[in-house]
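The values are calculated or read from the model by the stated rules, or taken from the named source; none is laboratory data. Because the structure is predicted, anything quoted here is derived from the model rather than measured. Cβ: placed from backbone, ideal geometry, glycine included. Neighbour counts: every protein chain shown.
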Amino acid sequence: MRGPQTVDVLIVSLGSTAGLRAADDELRDSLRRAGASVALARPSAPAEVPTLMLTDLRWARAARRAARETLEQLRRSAAGALVYSSTTAALLWPRPGAIRFDAPSAGNRPGRHGLWQRPLERRRLGQAPLLLPWSEGGLLEVPATARGGDRALVLPVPVGPSGPHEARRDIAAITYAANPSKKGLDRVLAAWRRVQPDLRSAGVSELVVAGASVQALRRLGLALREQDRVRIVGALPPEDYRALVRRARVFVCAPRREDYGIAQLEALADGCLLVTTPAPGPYAALAIARALDPRLVCDDLGDALRAALEDPPADYADRAREALTPFSREATDRLVATELLPRLLG
């Protein structure tokens, strides 16, 4: 009979989006590079339901089941430390652990959308031995009573270029809209329709929409016309999506709220200019975009888009690469090895 399998860290990965799955894989790999043994528990996706309250309940139950099953496979308490990826994964935890999150329900589940999640989340955040927000902005949305003392470590998701920058960029703009309403796709399309006929950049007058299907746009009443020059590519494998980003001059978005903005950071890493409206939430790329070119961060998305395509700053990509240094894999590896792992293992 096999004895207990011991691991230093068990990550309970919610994995409800491609971004969350990628972030958890990065954390697992970084911990391993620091010398820790790591297991990852990832639940199967539950059936879709119509409200955020029920969606979170189903995902929380799925995360609890995955954590219990993995702990049983590891024979009782053979996992030295637990890290719950997102506050939703921690809501029904079988055992206390650190909580890693982009934003708490206190910020992204307002009103009736978070009636049961918010009070339970406050309790879990207060009980967790360590909080691991993706950004300072995410930490500031945690109740002050839960983030006092030395209980938090800001741990960004590493971001880097996905390949060599393309010498010729033949796509005018790209946007990512897996949640079209939250990402403000209607506002992006309205701005694009306004400026696209006037663009002087011949041959690069196409907007690519990734992450959203034609059916999703129709459900929101977003009908496209041939003259709009919009191409819907839907959900793509990460390598295919990032290949399109490397061909785009501009990444454009108008989020109604941004919990982190990994797609915007990836676009900057791949050499795109970032055109965005200001948005509430811990929007990590917003301050970077303002510092790189304040013309491209404004509520008038059309004017910003026109400026990016017709009058781009020549050194934008180089300055963006420098601004992303704190988000590099090397920087997060140092944080994991020198600060996270000692705190987890005590």
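What the table shows:
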item	result
Only listed residue being assigned by TED's automatic domain parsing to the domain that holds ARG247, surrounded by 15 or more Cβ atoms within 10 Å (Cβ to Cβ) and of a type in the set (A, V, I, L, M), chosen from ALA314, ALA287, ALA308	ALA308
Options VAL275, VAL245: the member that is in contact (Cβ under 8 Å) with a residue 40 or more places away in the chain, buried (at least 24 other Cβ atoms within 10 Å of the Cβ), of a type in the set (A, V, I, L, M, F, W, C) and under 29 Å from SER105 (Cα atoms)	VAL275
Pair list, Cβ < 8 Å and 6+ apart or interchain, from the stretch 318-334 residues that are farther than 20 Å from HIS165 by Cβ to residues that are among the β-branched types (Val, Ile, Thr) and surrounded by fewer than 17 Cβ atoms within 10 Å (Cβ to Cβ)	ALA331/THR325
Any hit, the stretch 37-55, residues being in contact with a Leu (Cβ under 7 Å, 6 or more places away or on another chain), outside the structural domain of TYR241 (by TED's automatic domain parsing) and without any contact (Cβ under 8 Å) to a residue 24 or more places away in the chain	no
Unmet criterion (only one of (1) in a helix (DSSP H, G or I); (2) touching a residue at least 40 places away in the same chain (Cβ under 8 Å); (3) of a type in the set (A, V, I, L, M)) for LEU120	(2)
Residue among SER205, SER162 that is of a type in the set (Gly, Ala, Ser), within 22 Å of LEU301 (Cβ to Cβ) and surrounded by fewer than 23 Cβ atoms within 10 Å (Cβ to Cβ)	SER205
Test: residue in the stretch 30-39 that is under 22 Å from LEU130 (Cβ atoms) and among the polar types (S, T, N, Q)	yes
